[in-house]
Amino acid sequence: MTHVPEGHPRYLSLKYREKIAEGVKKGLTAVEGIAAHGRGETFDYILGERTHRFAWEAERAAVSLMLLSKHPVISVNGNVAALIPEEIIKLSESLNAILEVNIFHFSHERVLRIKEEIESYGGKILADLDATLKGLESARRMVSSKGIFIADTVLVPLEDGDRCEILKRNGKKVITIDLNPLSRTSRMADITIVDNIVRAVPNMIKISEELSSYSKKELEDVLASYDNRKSLAQSVEVIRDYLTEIAEKILRGE
Ligand code: PTJ
């Protein structure tokens, strides 16, 4: 891995870019995952690379929904496995949720590599592909009969729109983490977390520590007070205001 000095002003961004590059070299991440990561970086940049209040509220609602669910599942793709393997395991443990490998650019080798990677960090992950979701053409229709197939809620980070739609049509609640608030997935999910997954998952681990002592009624109240459309609209407004501020600075020659 290229050495990125910690004092570099873009240290974190470069570190995660390196992790994606490493992920491709290790056979975990699809080559297309590099393009997806770049799109995420762009949206993160124009969101100021921080967790906004609307994202924190979405993260709280997501944790509440996962804790209220009977069979919550977290879907793991090649980008997630490369960026935050340890954190995604920790989140699944704190939410009592099952991890399942599910990839869009399908190959059996990559499914196996992702499974091995998660297991190398001590995690348990399903990768059976022994059941089929109705209404989906891509390889993502193949799921585990013990995981996504019977899930009531699925957390699908960095997802494409088609599958989000199909999961919903199969009666599942869908939570996504996507820095692009304009994407089809963002607009279609029940809860959309517009935040970088490298911040969102550690935030959700912290939130789950607080919310695990909540009663069912208290969790339902957190969920009821959350409005996904409002949250999405706020994320677009934050981008608009940030860009307006930058345009004014440019005009002032700053
Ligand atoms: O491993 P596979 O085969 O399942 O492939 C994974 C990718 C991500 C390549 C696949 O799901 C894909 O093509 O996704 P999309 O349609 O490009 O959507 C990914 C979304 O995630 C985009 O809207 C990006 O802006 C967003 N994104 C990328 N990196 C991050 C992110 N959102 C949050 N945090 C990130 N670090």
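The values are calculated or read from the model by the stated rules, or taken from the named source; none is laboratory data. None of the values given here were measured: they were computed from a predicted structure. So basically every Cβ, Gly included, is an ideal-geometry build from the backbone, and we count neighbours across all protein chains shown. The accessibility values were calculated without ligands, DNA or RNA, using every heavy atom of the protein model including side chains. Shrake-Rupley method; radii C 1.70, N 1.55, O 1.52, S 1.80 Å.
So the values come out like this:
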{"item": "DSSP H segments from the chain that extend 30 Å or more along their own axis, Cα-based, with Kyte-Doolittle mean of -1.0 or above", "result": "228-251"}
{"item": "Cα-based Rg / Dmax (Å) for the chain", "result": "18.0, 61"}
{"item": "Net charge contributed by nearby residues that have their C-beta within less than 9 Å of GLY135 (K/R +1, D/E -1)", "result": "+1"}
{"item": "In segment 81-150, the GluC sites (Glu not before Pro) that fall in loop regions by DSSP, at most 13 other Cβ within 10 Å", "result": "GLU137"}
{"item": "Accessible-area composition of the chain, carbon plus sulfur, in percent [1.4 Å probe]", "result": "53"}
{"item": "Accessible area per residue in Å² at 1.4 Å probe, computed on the chain", "result": "50"}
{"item": "Label-zone membership for segment 201-219, site VAL4, 7 angstrom Cα→C-beta point, backbone N under 18 Å", "result": "201-202"}
{"item": "Cα-centred dipole magnitude for the chain, charges only on beta-carbon of K, R (+1) and D, E (-1), debye, nearest 20", "result": "420"}
{"item": "Relative contact order %, the chain, counting alpha carbon pairs below 8 Å whose residues are six or more apart", "result": "22"}
{"item": "Point-charge dipole on Cβ atoms (K/R +1, D/E -1) for segment 27-134, about Cα centre, debye to 20", "result": "320"}
{"item": "Chymotrypsin sites (Phe, Trp or Tyr not before Pro) within segment 152-254: DSSP coil, no more than 12 neighbouring Cβ in 10 Å", "result": "none"}
{"item": "With all protein chains modelled, accessible area of LYS217 [1.4 Å, Å²]", "result": "120"}
{"item": "Karplus-derived HN-Hα couplings along segment 78-84 (A = 6.51, B = -1.76, C = 1.60, θ = phi - 60°), whole Hz, x at Gly and Pro", "result": "x, 6, 5, 5, 7, 7, 9"}
{"item": "Derived scalar couplings ³J(HN,Hα) [segment 171-178; Karplus, 6.51 cos²θ - 1.76 cosθ + 1.60; whole Hz; x for Gly, Pro]", "result": "x, 9, 7, 10, 10, 10, 10, 8"}
{"item": "Probe 1.4 Å, all protein chains present, accessible-area order of HIS8, HIS37, HIS108, largest first", "result": "HIS108, HIS8, HIS37"}
{"item": "Area accessible to solvent at LEU47, 1.4 Å probe radius, in Å²", "result": "10"}
